[in-house]
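Taking it in order: structure first as structure tokens, then the write-up.
The values are calculated or read from the model by the stated rules, or taken from the named source; none is laboratory data. None of these values were measured; they are calculated from a predicted model. A quick note on method: Cβ atoms are made from the backbone with ideal geometry, for glycine too, and the neighbour counts reach across all protein chains shown. The accessibility values were calculated without ligands, DNA or RNA, using every heavy atom of the protein model including side chains. Shrake-Rupley method; radii C 1.70, N 1.55, O 1.52, S 1.80 Å.
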Amino acid sequence: MPLQITAKVSSDIRESNEQNNTRSLGTAVAAQRSRILLLDGRSRWESRYLRNMFDRDPAWQVESQIANEPSDFHFPATREELFQYDLVVLGDLPASLLSREQIVWLREFVEVNGGGLILISGSMQHLAQPGYAELQKLFPVSWKLASASSTAQQRLTKKVSLTSAGQSLAALRIDTRGDIESQTLWSQLPELQFVDKVKELPGAEVLATATSSVESQPLFVTRRFGAGRVFFCASDETWRFRYKVAD
């Protein structure tokens, strides 16, 4: 619902210009819960934690489809039905479970409908496969070619740190006392054991990196695409940040 707000400051002291004492702005109020569709190729710790987190949040209504058996996997039947969601979380789901038309719907969900898309990579690297070529047009990253040395480096544990762009986002400020305290807490989080080898594309913004003893690589990458936004997470182990630690 649209909401118009006018803020006005009054003063007992006479001012030479009172034109800047008033400001009007428009905003919107959500009268119902936002809908999220979570899709994953298997029941990973990451998808479980996300589903449970959104389940507990009264602002969200989450529906999950885990493709343990292809016969049990049900994608929205029509483009219009998909467009009823506000956010789609796409995990390590084989492209073969979706028709080419449904993959186009996902692209249009972001580009035309202004939806949000979160991509969570995994060790199976399904998102990098040619079957997702139509959807990869909106990805903020591309995959690096694997080599024997890079495969070995992928096994090295990695610490997370925010970039300057990530530090400016309230969503990534996990210590409310301040930026320095928040950055310190990020550096103390459990290390990640798997981080996919990707590189950001032109126009994308890296919000966090994962750094081992030999290299640093993008972890959280985002960009706008059409009317919506895409967020890519190069690891499916952010659940480690909460495991035995909670909040």
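In the full protein context, the chain carries 57 Å² of accessible surface per residue, based on a 1.4 Å probe and ignoring ligands, DNA and RNA. Compute the helix-to-body angle for 45-56: its Cα long axis versus the longest principal axis of the chain, expressed 0 to 90° and rounded to tens. Tilt of helix 45-56: around 30 degrees.
Full extension of the chain segment joining residue 53 with residue 7 gains 13.0 nm, where the gain is 0.36 nm per residue of separation less the Cα-Cα distance. How would you classify region 178-223 from its alpha-carbon gyration tensor, with a ≥ b ≥ c the square roots of the eigenvalues: rounded for a/c under 1.5, else prolate if a/b is greater than b/c, otherwise oblate? Oblate, because a/c is 1.5 or more while a/b does not exceed b/c.
Which of rounded, prolate, oblate describes the chain, given a ≥ b ≥ c as roots of the alpha-carbon gyration tensor eigenvalues and a/c under 1.5 marking rounded, otherwise prolate only if a/b is larger than b/c? Note, shape of the chain comes out oblate.
When only C-alpha pairs under 8 Å and at least 6 residues apart count, what is the relative contact order of the chain, in percent?
Values: 445 pairs, mean separation 44.3, N = 247.
Reported as a whole number, the value is 18 percent.
The lysine pair count for the chain, using Cα distances under 29 Å and pairs eight or more places apart or on different chains, is 14. Whole-Hz Karplus values for region 171-183 come out as 5, 9, 8, 8, 10, 6, 6, x, 5, 5, 5, 5, 5 Hz, taken residue by residue from phi with 6.51 cos²θ - 1.76 cosθ + 1.60 and θ = phi - 60°; glycine and proline positions read x. Inter-label distance, residue 43 to residue 78: 3.3 nm, where each label sits 7 Å from its Cα along the C-beta direction. Averaging the sequence gap over all C-alpha pairs within less than 8 Å and six or more residues apart, then dividing by the number of residues, gives region 60-129 a relative contact order of 37 percent. Where both bridge residues fall in the chain, DSSP classifies roughly 55% of the beta bridges as antiparallel.
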